[in-house]
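Any read-out appearing in this document is the output of simple, stated calculations on the displayed coordinates, not a laboratory observation. In this text, all values refer to a predicted model and were calculated from it rather than measured experimentally. Cβ placement follows ideal geometry from the backbone for every residue including glycine, while neighbour counts extend to all protein chains displayed.
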Amino acid sequence: MKVRRSDRLIDMTSYFLNNPHKLVSLTYFAKRYESAKSSISEDLAIIKRTFNVRGIGVLETIPGAAGGARFIPSIGEEEAERFIWEMAAELSQENRLLPGGYVYLSDLLGKPEVLRHVGRLIARQYMGRQVDAIMTVATKGVPIAQSVAYYMNAPFVIVRRDSKITEGSTVSVNYVSGSSQRIEKMELSKRSLRRGSHVLVVDDFMKGGGTINGMKSMIEEFDSELVGVTVFAEGVVDEGSRLIEDYTSLLKVDNVNTLNKTIHVSAGNYLAKVFGKRTE
């Protein structure tokens, strides 16, 4: 049965939003709606323009017999900035301060709306880059990795500090904890990551950077390449004590007073790196 244009537009938009990075042929849509390819092309132009204006993402149209359309999720500068500063205000509440200068994040990273924004933000940063896998460490980074994996249409892998029998044989590396300077161990199932992969590392919180450094070593063990590192929040460290320099943070804990139990969180370097925006 032939479908009206308004119904086609709604259904096609829903399809793209639920299938990011998937190339869909015009023939598929033409058969789905019993419509001419010329009509489908006009529909795609409308959706493409709307996605662009609203900052939802990019709808790529690829010509040729093997072509079609592919939706690449993104986020606009205004929406990204608003979300980051809302999170900064939320995390600056004194009841979020934990011993050691850490910030309580679990409730926020359990909210689907927050995770959707985080996933889109990180996916926006790596648009146009080859990412074969998203890597994080158990357990608090898992929701972030899952959200990013959805928006980038790539699998995520979980590095663990203790092996599980259900993981099969594993690769293990030793690393120095950035905060305690102790030698720690992390493991990853040999089946989790293909050798030669391009890997994006994400995590919830970074202080000294030891865990991130451990994951970098793990990626090297798999003869793979690190694409980048993005964390939800970075903590305060003494100058020169952080073990990793090249990273992106959405938020930054820039002032902690454990005596007065006060905390101040501001925007991290994400807005500057992605949009070239000063956040001071």
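Points to keep in mind about this one:
- Packing-based exposure ordering (other Cβ within 10 Å, fewest first) of Asp254, Asp107: Asp107, Asp254
- Theoretical FRET efficiency, 1/(1+(r/R0)^6), r = Cβ-Cβ of Thr139 and Asp254, R0 41 Å, to 0.05: 0.95
- Nearby lysines by direct alpha-carbon distance to Lys31 (threshold 26 angstrom, same-chain neighbours under 8 apart not counted): Lys2, Lys22, Lys48
- Rounded if a/c under 1.5, otherwise prolate or oblate - the stretch 77-275, Cα gyration tensor axes: oblate
- Nearest-0.05 FRET efficiency for Gln181 and Asp223, computed from C-beta distance (R0 30 Å): 0.55
- Charge dipole of the stretch 1-156 about the Cα centre (unit charges at C-beta), most positive-ward option of Tyr151, Met127, Gly64: Gly64
- Angle of helix 210-221 to the longest C-alpha principal axis of the chain, folded into 0 to 90 degrees and rounded to 10: 60°.
- Remark: for residue pairs Lys111/Lys273; Lys252/Lys273; Lys140/Lys261, the C-alpha separation exceeds 22 Å in Lys111/Lys273; Lys140/Lys261.
- Applying both filters, DSSP loop and at most 14 other Cβ atoms within 10 Å, to the chymotrypsin sites (Phe, Trp or Tyr not before Pro) of the stretch 29-122 gives Tyr104.
- Sites Ser106 and Arg82, calculated FRET efficiency, Cβ-Cβ separation with R0 25 Å, nearest 0.05: 0.60
- With the simple model of a label 7 Å out from the Cα in the direction of the Cβ, Val58 to Glu34 spans 3.7 nm.
- Nearest-ten-degree value, helix 112-125 long axis tilted from longest Cα axis of the chain: 80 degrees
- Gyration tensor (alpha-carbon) shape descriptor, the stretch 176-280, a/c threshold 1.5: oblate
- The stretch 1-137: relative contact order in percent, alpha carbon pairs under 8 Å with at least 6 residues between: 20 percent
- DSSP bridge pairs, the chain: antiparallel proportion in percent, nearest 5: 55 percent
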